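Each remark here refers to the structure printed beneath this line.
The values are calculated or read from the model by the stated rules, or taken from the named source; none is laboratory data. What you are looking at is a predicted structure, and each value in this text was computed from that prediction instead of being measured. Counting neighbours? That spans all protein chains shown, and the Cβs are built from the backbone with ideal geometry, glycine included. With ligands, DNA and RNA removed, areas are computed over all heavy atoms of the protein, side chains included. Shrake-Rupley method; radii C 1.70, N 1.55, O 1.52, S 1.80 Å.
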Amino acid sequence: MFGFGLRKKLEPPPLEAVFVSEAGLAREDNQDNVLVAPHRGVFCVADGMGGGAEGGKASDVVCRELKMTTHVAESEFSSLVTAAQNALVDANYEIFTYARERGFAHMGSTAAILVFDPVERTRAAAIHVGDSRVYRIRRGLAERLTRDHRVVGGNTLTRAVGGAPTVRCDIRETDVRPGDRFVLCTDGVSGVLSDARLAVFASGGTLERAAERLAAEVVKAGAPDNYSFVIVQI
């Protein structure tokens, strides 16, 4: 007897990742939020604005919406990228409406998202709004996959999730090779470390050791802001 059965598409094993999210040395509260979903291949750092609970709520909304939309999306690269975009649209509406109803003029959040192809793991997409960043580290060198949305020479953001009735994100697709590491970080990291130094501390040793070294270097530089980062290993 000979027959055909359903062939189940096997998904690759979960990606390895570590993250750190701290208030820093000059702030009492942490308005950053992080999403790490290695089984789904979705990662995010979000830096809230607006002060205290408002900033923390804004970044939490970004991560929560991203988790929900990508969890129910089909296991296809294009579907996950679209889901991430939709998550930012939904988060923008929720944050903007909440802030307008309560009179919070500066409530919002950045978002730096990394989505991997769930089948091949040979490509990924960096999706971002604001000045949180995504880097690809290959052979010890960091390539920035995002461009800050802020006024040149200043600290004013030109885009933020929840800062206006609509939001526009940038998307950049990149190839992925064995041995690559990716770093997502808020400006509490990139604001005190150069790209070259970030690559040095994030690329060596185990993921846990790299996270320890990178966090220690941020603190050594003064950690004047909340700082959050995710390191993903291919």
*Sole exception among (1) open to solvent by 20 Å² or more (accessible area, probe 1.4 Å); (2) closer than 30 Å to ALA105 by Cβ for ILE127, by number*: (1)
*Name the residue, out of GLU208, GLU217, that is in a helix (DSSP H, G or I) and under 21 Å from HIS39 (Cβ atoms).*
GLU208
_Return the residues of the stretch 25-80 that are among the aliphatic types (A, V, I, L, M) and either open to solvent by 50 Å² or more (accessible area, probe 1.4 Å) or assigned to a helix (DSSP H, G or I) (or both); say none if nothing qualifies._
LEU25, ALA26, MET49, ALA53, ALA58, VAL61, VAL62, LEU66, MET68, VAL72, LEU80
*Could you please tell me which pairs satisfy a Cβ distance under 7 Å, a separation of 6+ or placement on different chains, a first residue in the stretch 12-28 that is under 25 Å from ARG121 (Cβ atoms) and modelled with pLDDT of 95 or more, and a second residue that is open to solvent by 100 Å² or more (accessible area, probe 1.4 Å) and among the acidic types (Asp, Glu)?*
VAL18/GLU208
*Which residues, taken from the stretch 9-24, are in a strand (DSSP E or B) and among the hydrophobic types (A, V, I, L, M, F, W, C)?*
ALA17, VAL18, PHE19, VAL20
*Looking at (1) open to solvent by 10 Å² or more (accessible area, probe 1.4 Å); (2) more than 30 Å from PHE77 (Cα to Cα), find the lone condition where ASN226 falls short.*
(1)
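Can you tell me how many residues in the stretch 39-58 are of a type outside the set (Asp, Glu) and over 30 Å from VAL119 (Cβ atoms)?
10
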_strands (runs of 3 or more DSSP E) completely within the stretch 89-196 that count 1 or more residues being in contact (Cβ under 8 Å) with a residue 40 or more places away in the chain, of a type in the set (A, V, I, L, M) and in contact with a His (Cβ under 8 Å, 6 or more places away or on another chain)_ = 111-116, 123-129, 133-138
